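Heads up, the thing below is written out as structure tokens.
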Amino acid sequence: MSAPRILIADDDPGVLAVLATRCRKMGFEVDTANNGMQMLLKARRTAPDLMIVDVNMPKLDGLTASCHLLEPGGPPMDVIVVTGISSEETVERCEALGMFYACKHTEFWRDISRALIEIFPHMAAAIATQAGPLAGAPDVVPSRPRVLIVDDDEEIGEFLASRLKKLGIEVLFAPNAGRALRLAIWNYPSLIVTDYHMPEGDAGLLISRLRSYPATATIPVVVLSGKVIDEPTAKLLRREVMGHAGAIKILKKSFDVSDLFETIQEYCSAEPSGFRTMNGWSDRERS
């Protein structure tokens with residue numbers, strides 16, 4: 001018997017990686033989508049046995065996309081709806097449509113596993129075995145964007161962390177490429193913001209290392225620099241590495257972090273209500 005097919009849709013790359021890794025370890029064949037429209041098109045083309053769908057996604061929200069797929073005459077499929085914000089209205093809609101529901105909190109894996117066992121009882125043993133903590137995978141799926149900041153200047157790290165936390169973003173910090181790689185493997189950040197110049201390996205080296213590990217291969221990387229990066233260097237940073245994108249954006253360090261936040265918002269769906277121009281770089285030039 002072939003493995004059941006699951007389509008996982010979430011606009012947060014970190015969450016998508018966690019869910020995909022865990023479900024593959026359970027024995028499922030996994031495909032992914034990073035927005036509601038892509039999910040809708042893939043589901044219509046491949047008819048998965050199950051969809052695990054985030055509620056809030058760009059272009060088309062997960063619940064609306066699922067409703068389109070569950071219209072009479074369509075292929076039968078089960079749906080597990082996941083969200084970072086518990087909502088009684090969302091729970092009621094899921095129950096009315098016969099969907100399962102799991103909130104991204106401490107009981108997330110238990111709720112997901114229970115739903116999977118109910119849907120695929122013949123895989124109960126494999127699912128239960130993988131339901132607990134896994135090496136290389138966090139116990140809790142982040143309910144909000146998680147950004148890893150990499151900079152050998154602790155002052156800059158603290159500045160960025162304080163601004164991003166005010167925007168509802170969870171922040172990790174690493175002072176060098178080696179520490180950043182270890183944190184990324186264990187914590188599945190939604191996005192990495194790294195300084196270009198660092199004493200133990202620049203941003204290009206970090207990107208190459210990230211792309212060599214399945215758990216970190218698709219994490220978006222933004223490069224910051226206090227000095228203008230010449231075009232040949234910029235091309236090297238943006239080039240694909242092992243079939244995966246290089247730097248998604250290269251930004252100059254500035255008093256204004258609006259460009260950085262817009263990029264985070266694009267890739268992680270950070271709350272737009274927190275958007276504002278924030279100043280605070282030190283007057284001395286950063287390298």
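The values are calculated or read from the model by the stated rules, or taken from the named source; none is laboratory data. All values derive from a computational prediction rather than experimental measurement. Note that each Cβ is placed from the backbone with ideal geometry, even for glycine, and that neighbours are counted across all protein chains shown.
Things to note:
- Taking residues in segment 258-272 that are at pLDDT below 80, and partners anywhere that are part of a loop (DSSP other than H, G, I, E, B) and of a type in the set (Gly, Ala, Ser), the pairs with Cβ atoms closer than 7 Å and at least 6 places apart or on different chains are Tyr267/Ser190; Cys268/Ser190; Ala270/Gly168; Glu271/Gly168.
- Among the residues making up segment 12-27, those that are surrounded by fewer than 24 Cβ atoms within 10 Å (Cβ to Cβ) and not aliphatic (A, V, I, L, M) are Pro13, Thr21, Arg22, Cys23, Arg24, Lys25, Gly27.
- Among the residues making up segment 103-117, those that are free of Cβ contacts under 8 Å to residues at least 12 places away in the same chain and either not assigned by TED's automatic domain parsing to the domain that holds Gly84 or not in a loop (DSSP other than H, G, I, E, B) (or both) are Asp111, Arg114, Ile117.
- The number of residues in segment 181-213 being surrounded by fewer than 22 Cβ atoms within 10 Å (Cβ to Cβ), closer than 21 Å to Val171 by Cβ and among the polar types (S, T, N, Q) comes to 1.
- Counting only residues that are at pLDDT below 90 and either closer than 22 Å to Lys252 by Cα or assigned to a loop (DSSP other than H, G, I, E, B) (or both), segment 120-151 holds 15 of them.
- Any chance Arg22 is touching a Phe, Trp or Tyr at 6+ places or on another chain (Cβ under 9 Å) and among the basic types (Lys, Arg): yes
- Candidates Ile185, Ile192, filtered to the one that is of a type in the set (Val, Ile, Thr), within 17 Å of the chain's Cα centre (by Cα) and either modelled with pLDDT of 90 or more or under 18 Å from Tyr267 (Cα atoms) (or both): Ile192
- Hits in segment 24-54 (condition: assigned to a strand (DSSP E or B) and within 13 Å of Met77 (Cα to Cα)): Leu50, Met51, Ile52, Val53
- Only listed residue being surrounded by fewer than 22 Cβ atoms within 10 Å (Cβ to Cβ), out of contact with any strand residue (DSSP E or B) (no Cβ under 8 Å at 6 or more places or on another chain), basic (Lys, Arg) and farther than 15 Å from Ala245 by Cβ, chosen from Arg163, Arg144: Arg163
- Residues of segment 85-102 classified as part of a loop (DSSP other than H, G, I, E, B) and surrounded by fewer than 20 Cβ atoms within 10 Å (Cβ to Cβ), total: 4
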